[in-house]
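Enquirer: I have a structure I would like to understand better, so I am pasting it below and will then ask my questions one at a time.
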Amino acid sequence: MMAKNQARPDEPTNGPAALAAEPAASIIQEISKIPTPEESTQPMANEQFDADLIVIGSGPGGYHAAIRAAQLGANVICVEREYLGGTCLNWGCIPSKAMIAAAERLHHVKHAADFGVLVNGDVTVNFEKLMAHKEKVVLTERGGIGMLFKKNKIRHVEGFASFTDAHTISVDKDGVKTSLRAKNFIIATGATAIRPNIPGLGDAGRDQGIWTSDDAVTAPFIPKRLLILGGGAIGCEFSYVFNSLGTQVTVVEMMPNLIPLMDTDLGVELGKLLGRQGVKMKVGSALEKVERVGDAWKCTVKKGADVEEIEVDVVLLGVGRKAAIDGLNLESIGVKLHRKGIEVADDSMVTSVPHIYAIGDVTGRIQLAHTAMHEGTIAAQNIVRGESKKAKYKAVPNAVYTNPEVASVGLTEGEAKEKGYDVVVGRSKFMIFGKAMAIKETDGFVKVVAEKKYGEILGVHMIGAHTTDMIQELVVALNHEATLESMAECIHAHPTMSEAIFEAIEDAQGHAIHKM
């Protein structure tokens, strides 16, 4: 038997004996054994690209992704069909908050006498100036993103993008098309307002008094009578704004409570407080049909067997938003879709095509701007660094900017019980605290949901003044798996609104100081 490393007599060796063979014939013979490579659809390493990464969409997720990738050394192009900042900046989060701020300021002035501050004369609203302030905020923010793109050497391309193959998009700007190629893509096209199929609605739009949330933030006037379909964050925020500006507002929500995706106690309390302000609530109700009657809309609202007709000037459709994927030509390049948007393989944000990622509202998962920012950063780092880091969703804060504000993070009481936790709940009301009394913001409460045995905090739900700012303390707590005991050891400043958080935590432990 031949030794393991011994060459057979007919084989060339690495030494001089190999030179004695016929080298040309041997080489030809070996080459002939190499199989012919199959044609590959993947680009070769030396193929020409316009960018390492093209981000489609410049909303919160898109511009965060573009900037982070550029910071890491990537050559980045961001394609935006309209305005930098996307829906959040131009038609959503930012303009609506500017309008809410005006409504709050009006409320403060009207109630200044409660503090001994006398305002002489009538307090009125100049709607044109209100909207001008809103527009100034939007334009300033939009310009800021443009400056950040220039600083980070990100090329901004205007137009509507559509894939022509897995590495190429065609960008259409007023009929002029530009072809761009990239090694990687992040799809961040966001979402568009849902238009429900309501009998009588037809194709009526803004000019006929059928508004979406996009129309509401660019409203040409303050309607006298307004019906809002949908009692989620969008519907509640606009009900607060227009009610404050003098509109007679009716909210129609199909579920038993407002903000149905949040803790039930929050929805009940918000409905009560908005109702006290003058908003008419129709929960557990459906908008059966609408009919145009002169310059108004006659809306038929049904709750169980009861039917009511409500005449309004404007109907605001606030039932939510759907993924903006039309025209992207995704299925032709192998990107899988589901009924709510683009399917991602996992929380690394990669799709079924390995070099294409999707983030934010377009995935149909969590439709929040700050979630999109987080996902955009994760996707950019994974692409540039070749990582598979996962986005974290354990502690995603949710906020509704009514007055009072609503904020939550983590599991609701119902969700915790459904997951099998032995739950303990702690509560406290703002009305017992000096800061709340001093600023006359005594409405609302804090609710803490925790696991009973070890005291791990599972969720916190708040309604009251400044709660959208205070919630961040609990985001950190949940991310670090804080317990009731560890949080109770944290000194909270006095007098502050955040003392209510401390009190609710102590209540969950069974020894709240101020509990009657």
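Enquirer: What residue, among those in the stretch 357-376 that are among the β-branched types (V, I, T) and surrounded by 20 or more Cβ atoms within 10 Å (Cβ to Cβ), is nearest to the chain's Cα centre (by Cα)?
Expert: T371
Enquirer: Related question: Could you say which residue among A438, A399 is surrounded by 14 or more Cβ atoms within 10 Å (Cβ to Cβ), in contact (Cβ under 8 Å) with a residue 24 or more places away in the chain, not assigned by TED's automatic domain parsing to the domain that holds S244 and not polar (S, T, N, Q)? Break it down into steps so the answer makes sense when it comes.
Expert: Numbers: A438 fails: surrounded by 14 or more Cβ atoms within 10 Å (Cβ to Cβ).
Just a single option satisfies the conditions, and that option is A399.
Enquirer: Pairs only if they're at least six apart or on different chains, beta carbon under 7 angstrom, first in the stretch 491-516 and in the same structural domain as V424 (by TED's automatic domain parsing) and without any contact (Cβ under 8 Å) to a residue 12 or more places away in the chain, second polar (S, T, N, Q) and in a loop (DSSP other than H, G, I, E, B); list them, first residue then second.
Expert: What qualifies is H492/S498.
Enquirer: Only one of (1) in contact with a Leu (Cβ under 9 Å, 6 or more places away or on another chain); (2) under 30 Å from I56 (Cβ atoms) fails for L89. Which number is that?
Expert: Against the list (1) in contact with a Leu (Cβ under 9 Å, 6 or more places away or on another chain); (2) under 30 Å from I56 (Cβ atoms), L89 comes up short only on (1).
Enquirer: Strands (runs of 3 or more DSSP E) wholly in the stretch 267-356 with at least 1 residues that are within 28 Å of the chain's Cα centre (by Cα) - which ones?
Expert: Working: elements: 280-283, 286-293, 296-303, 306-312, 314-317, 321-323.
Filter on the stretch 267-356 gives 280-283, 286-293, 314-317, 321-323.
Enquirer: Next up: Does R276 satisfy the condition of being of a type in the set (D, E, K, R) and loosely packed, with under 15 Cβ neighbours inside 10 Å?
Expert: yes
Enquirer: Residue check: is V425 part of a strand (DSSP E or B) and either out of contact with any strand residue (DSSP E or B) (no Cβ under 8 Å at 6 or more places or on another chain) or among the aliphatic types (A, V, I, L, M) (or both)?
Expert: yes
Enquirer: If you go through the stretch 373-401, how many residues are over 22 Å from P354 (Cα atoms), touching a strand residue (DSSP E or B) at 6+ places or on another chain (Cβ under 9 Å) and not in a strand (DSSP E or B)?
Expert: So the answer is 4.
Enquirer: Give the stretch 469-483 a look and list any residue that's in contact with an Asp or Glu (Cβ under 8 Å, 6 or more places away or on another chain) and buried (at least 19 other Cβ atoms within 10 Å of the Cβ), or say none. Reasoning before the result, please.
Expert: Going through the stretch 469-483, the residues in contact with an Asp or Glu (Cβ under 8 Å, 6 or more places away or on another chain) turn out to be 481-483.
Of everything in the stretch 469-483, just one residue is in contact with an Asp or Glu (Cβ under 8 Å, 6 or more places away or on another chain) and buried (at least 19 other Cβ atoms within 10 Å of the Cβ), namely A482.
The values are calculated or read from the model by the stated rules, or taken from the named source; none is laboratory data. As the structure is a computational prediction, the values presented were derived from the model and not from experiment. A quick note on method: Cβ atoms are made from the backbone with ideal geometry, for glycine too, and the neighbour counts reach across all protein chains shown.
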